[in-house]
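The values are calculated or read from the model by the stated rules, or taken from the named source; none is laboratory data. For clarity, every value in this text was computed on a predicted model and none was experimentally measured. Cβ placement follows ideal geometry from the backbone for every residue including glycine, while neighbour counts extend to all protein chains displayed.
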Amino acid sequence: MSTITSANSSLVLTARLAGLFPAGPFAVQGYASDDAFATDAVVSAEARMGVDGRMSAGYIPRMTPQTITLQADSPSIQAFETLIGAQDAIREVIFLDGVLTLPSTEHSYALVKGVLTRLTPIPPAKKVLEPVTYEITWETVQAAPVVV
């Protein structure tokens, strides 16, 4: 029976630059309590109505932005800082791949050819340090059932 639990989800990222993460893919850890990850709504088709009342529509390729929100003390911030530092050093983007698994709904998502497009470089300081966000824009997101 499916539930809507998000606490048992996992997100694993892999950089397409050999040696950047010697231990290999890394599991994102230390999500913020109210926002772990989310994707923006995307447009998959365009529909138009002609002056004669006839509709025409067409497929639109799409990218999918994903926001990852981490607590200020998340151990995964170091991995994102390593990625940003490497991109700054080589003055080039580093592509990522990922797998998002949602056991509660028995779904997983292959995240293909993403780039880090936005980030919060320093945690906002209020009474306590606030969460930081990272946005990865994916070329392709493919859903697949999780085999239990």
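Structure above, values below:
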{"read-out": "Considering residues of region 38-58 that are of a type in the set (S, T, N, Q) and outside any loop (DSSP other than H, G, I, E, B) only, the residue modelled with the lowest pLDDT", "value": "39"}
{"read-out": "Residue list for region 22-51, restricted to those being within 22 Å of residue 139 (Cα to Cα) and touching a helix residue (DSSP H, G or I) at 6+ places or on another chain (Cβ under 9 Å)", "value": "26, 27, 28"}
{"read-out": "Set 4, 94: member being more than 18 Å from residue 139 (Cβ to Cβ), among the β-branched types (Val, Ile, Thr) and either exposed (fewer than 14 other Cβ atoms within 10 Å of the Cβ) or touching a residue at least 24 places away in the same chain (Cβ under 8 Å) (or both)", "value": "4"}
{"read-out": "Leading residue by the ranking (nearest to residue 97 (Cα to Cα)) among those in region 34-76 that are loosely packed, with under 10 Cβ neighbours inside 10 Å and of a type in the set (Val, Ile, Thr)", "value": "43"}
{"read-out": "Strands (runs of 3 or more DSSP E) fully within region 81-148 counting 3 or more residues that are over 30 Å from residue 3 (Cα atoms)", "value": "107-119"}
{"read-out": "Single residue of region 37-75 satisfying the filter (in contact with a strand residue (DSSP E or B) (Cβ under 6 Å, 6 or more places away or on another chain) and of a type in the set (Ser, Thr, Tyr)) that is farthest from residue 19 (Cα to Cα)", "value": "56"}
{"read-out": "Near pairs, Cβ below 9 angstrom, 6+ apart or cross-chain, from region 78-91 (over 19 Å from residue 30 (Cα atoms)) to any residue that is at pLDDT below 95", "value": "86/17; 86/20; 90/17"}
{"read-out": "Residue pairs meeting the criteria (Cβ under 7 Å; at least 6 apart or on separate chains; first more than 17 Å from residue 109 (Cα to Cα) and touching a residue at least 12 places away in the same chain (Cβ under 8 Å), in region 8-30; second surrounded by 12 or more Cβ atoms within 10 Å (Cβ to Cβ) and charged (D, E, K, R))", "value": "16/97"}
